[in-house]
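Reviewing the structure listed below.
The values are calculated or read from the model by the stated rules, or taken from the named source; none is laboratory data. Note that this is a predicted model, so its numbers are computed, not measured. Backbone-built Cβ (ideal geometry, glycine too); neighbour counts: all protein chains shown. Note: areas computed on protein heavy atoms with side chains; ligands, DNA, RNA excluded. Shrake-Rupley method; radii C 1.70, N 1.55, O 1.52, S 1.80 Å.
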Amino acid sequence: MQSDRDELVREALKQVVDPELHLNIVDLGLIYDVAWYDSGQVEVTMTLTTPGCPVGSLLRRAVERTVAQLPGVQEVEVTLTFEPRWSPDFVSPAGRAALGRL
Amino acid sequence: MGLGALGANLSTRPSDGTPSLFIVTGLAYLVATLAVLGSDLAVLTGHYRHNPTLLMAAHLFVLGFGTMVTMGALIQMVPVILGEAMPSSKSTRIAYAHMAAGVALMVLGFGLGSFVSLAAGGALVTGGCAVFALHYGRALLQSASQEPTRPYMIAALAALVLTVAFGVLMAIQLHRPIHPVLTLRGLPMHILLGGVGWFTVMIVGVSYKLIPMFATAPGDVTARARRTFFLLEGGLVLLAIAWLPAWQVGVAAGALVLSLGLLAYAWDVAWILRRRLRRSLGGGMGLAVSSVLYLLGALVVSLSLAMSAWQGEIVSYRWIMAAALLFLGGWIGAMILGMLAKIVPMIVWLDRYSDAVGRRNVPTIQELLNDRAIRIGNLFFHAGLIVVAGGVATAWAIGATAGAAILATGVLIHVVTLATVWRHRSSGATGNVEPAGHSATVTQ
């Protein structure tokens, strides 16, 4: 049940797309962890491609809004972390395939 | 790679349009370079020394285009490298005013043979470079960032100041002799500091950050970047120290270490590209990456000429010109134009669409640029540069002229294509963004 809800969040976050790579942030490997508590609170731990980067405020806001729209979600907390630092190694197989077609 | 590479951090990116100002002015100076060369194409196959047209074209290109565009790109990138906001951009606007006016005056001075104009322009350019280098150099020195690009930027900014200061000394020498060594050995030193110390070191350092990101290539390049930095700077310093007193062993050792640094860099670029996840690099990155081949070509020709000089043979000025074309046009020009095809859409996208993100569909960054036009421009660029360099080297005047025309066409295609990206910036308020076709970027 818990993992189903986490998966729901990840699926929803696939709508958030990096505007340069045109690849969603889940397949890009930016989402490190998702936790959906029974209270309706959802915690998303994510990173950015580089610490100085962050379209941070853009992506973070998009993540918050996207998760907040899911039924049953009462509160969204997005935590940015750079541990570990993002690397292209984190791109999913689907993401790699998409990049190969670009 | 995402937006990070170009400073898409909304809290740190400059919001006053200063990067665009530098870049637009730089592109205008690039077009002016073509116009000056086009007015007297015979200079390409004539002798280069103290030729007013060549001096005008060279300074328009390296200061007006190369340096100003690089400054604009740095304003965008340094906060990213440091991972922290930069202080007021007043210094950058002062630097811009000095550079824009100074380059024009310098070029007029070369063209009219006016020492006053040359001196005034030189003073303004020196001031502009010093203000810029001080502003960013201090921030880079004080930063705790461990980014391997940081030492490259610091060293390159120091070399920029040294280059213009040395140029001013050479100009004064023309008017009132200071020391004969400036006349005898000053020009190569000036070119070494500017071409290698400023441009090459900066480009190589930034490449280690941008190429893996744009190509989405896994792997840590930190150790490679540091190794190349020590080779480049070690070779450069040795060469510079040995050059003026004509210490031949030192010059040879410096050239060898420097060459190893350039080869290591080229090897690393190939290594990065082999590992990339992104199959298609796009026209801009394609041109930027191809510039490394021109760097290698210029290196081979330069080393051959140096060997000839070492053996006491007379070095053909035509081959020096050909090497200069490969280095300036092929290495610096292609790298900067190629990177601009990534940087300009990014800057415009951030200024124009970032506030609309999440509220409605906006175009992707790629959609702001006509990549097909860039690729066509690349074809003209490569064909023109190869033909003009070959024509100059072999004294084939028709080839040199035709090649220059083809090259100019390629450059103009790039400039016009980049100019069209700025149309998005002035096409209305952010809140009235038109639906962006099929794309939905950072949307919900």
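The modelled label-to-label distance between B:Ile241 and A:Ala94, using points 7 Å beyond Cα along the C-beta direction, is 5.8 nm.
Shape index of chain B: Rg/Rh, with Rg the Cα radius of gyration and Rh the Kirkwood radius from the inverse mean 1/r over Cα pairs, equals 0.96. At full extension, B:Leu134 and B:Asp220 could sit 27.9 nm farther apart than now, given 0.36 nm per residue minus the alpha carbon distance. Only aspartates and glutamates eight or more places from B:Lys90 in sequence, or on another chain, were considered; those with a Cα closer than 12 Å are B:Asp16. Computed with a 1.4 angstrom probe on protein heavy atoms, the B-A interface buries about 2800 square angstrom of accessible area in total.
Averaged over peptide A:23-32, the number of partner chain Cβ atoms lying within 10 Å of each residue's Cβ comes to 1. Each semi-axis of the equivalent ellipsoid for the range B:199-242 is √(5λ) with λ an eigenvalue of the Cα gyration tensor; in descending order they amount to 25, 11, 4 Å.
For the range B:287-398, the solvent-accessible area of protein heavy atoms averages 39 Å² per residue (probe radius 1.4 Å; ligands and nucleic acids excluded).
Cross-link partners of B:Lys342 among lysines, defined as those whose alpha carbon lies under 17 angstrom from its own and excluding same-chain residues fewer than eight positions apart: B:Lys209. Overall, the accessible surface of the range B:250-363 at a probe of 1.4 angstrom is composed of carbon and sulfur to the extent of 67 percent. Taking the Kirkwood radius as Rh and the Cα radius of gyration as Rg, the protein assembly as shown has a ratio of Rg/Rh equal to 1.00.
Dipole size of the protein assembly as shown about its Cα centre, with +1 on Lys/Arg Cβ and -1 on Asp/Glu Cβ: approximately 1140 debye, rounded to the nearest 20.
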